[in-house]
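Here the structure comes first, spelled out in structure tokens, and everything after it is commentary.
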């Protein structure tokens, strides 16, 4: 009877330095926008590139508690969700380190990774989206010329295909040409606002509101997946 193989013992979890945790909390709060003053655990984990369900995540939770005891962080709750933010002492601790030239190199921020992934995928897919829309427009031209005329259901179905194709091309166009690379010094939140470089003329508030509504989801590349 052969002996069961022993699993290799797991080594100690490599934890980020307390200062790096403080920097992650600071950036996580900043990237949530001006109206938010604290960040939840999942956001802090994302800024440290730490998987949520991992031993490292549990270790980080203990680090946050310790930094709260030291007065560098403050913990609060909102709608039952735990939140963390820097105290003035924590901010001063980071500021002192930076003045001394200490390197607090965080992993790529989630907002920059979102931009990079969307920009890359848009570059790969935009020509396919153009061809898809062109094929739909050709189909519409054929239907307009056919005799007898196409029935209403055919037009309804084609209309849905054309709308989807236009949306895909619009979303990829935005991600590739209009979405500027984010700066980690500020939150990169799509407010669906007008681009000051191409401010439309002659549009009233109702028309501008409709334009902003159509922009919802334009950076979400998960919406590019083919529907069943």
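Read the figures in this text as sums done on the coordinates, not as results from a lab. Remember, it's a predicted structure, so these values are computed and weren't measured experimentally. All Cβ positions, glycine included, derive from the backbone under ideal geometry; neighbour counts span all protein chains shown.
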Here the relative contact order (percent) of segment 110-224, from C-alpha pairs under 8 Å and at least 6 apart, is 39
Expressed as a rounded percentage, what relative contact order does segment 56-160 have, with Cα pairs under 8 Å and six or more residues apart?
11
The alpha-carbon pair-distance distribution computed for the chain, with 10 angstrom bins and whole-percent values, is 6, 22, 23, 20, 15, 9, 5, 1, 0
Over the chain, what relative contact order in percent results from Cα pairs under 8 Å that are six or more residues apart?
20
Output the 0 to 90 degree angle, nearest 10, between the alpha-carbon long axis of helix 55-70 and the longest principal axis computed from the alpha carbons of the chain.
60
Would you mind getting the Kirkwood hydrodynamic radius of segment 115-228 from its Cα pairs, rounded to one decimal in Å?
16.3
In degrees between 0 and 90, to the nearest 10, how far off the longest principal axis of the chain does helix 152-173 point, with axes built from Cα atoms?
40
Given 0.36 nm per residue, what is the gain on full extension from residue 206 to residue 76 after removing their alpha carbon distance, in nm?
42.8 nm
Here, residue 59 and residue 184, labelled 7 Å along Cα→Cβ, have an inter-label distance in nm of 2.1
For segment 61-113, just say rounded, prolate or oblate: build the C-alpha gyration tensor, square-root its eigenvalues into a ≥ b ≥ c, call rounded for a/c under 1.5, and beyond that prolate if a/b exceeds b/c, oblate if not.
oblate
Gain in span if fully extended, residue 66 to residue 157, counting 0.36 nm per residue against the direct Cα distance
26.8 nm
Taking the Cβ of each residue in 221, 55, 44 as the centre, tally the other Cβ atoms inside 10 Å and list the residues starting with the fewest.
55, 221, 44
Could you work out how far helix 88-99 tilts from the main Cα principal axis of the chain, as a 0 to 90 degree angle to the nearest 10?
90
Divide by every residue of the chain the summed helix terms, -39500 (n - 2.57) for each DSSP H run of at least 4, and state the resulting mean residue ellipticity at 222 nm, rounded to the nearest 500 deg cm²/dmol.
-17000 deg cm²/dmol
Pseudo-spin-label distance residue 166 to residue 124, built 7 Å along Cα→Cβ, given in nm, is 2.8
Cα centroid of segment 73-112 to Cα centroid of segment 114-192, whole Å
39
With 0.36 nm assigned to each residue of separation and the Cα-Cα distance removed, residue 88 to residue 150 gains 15.3 nm
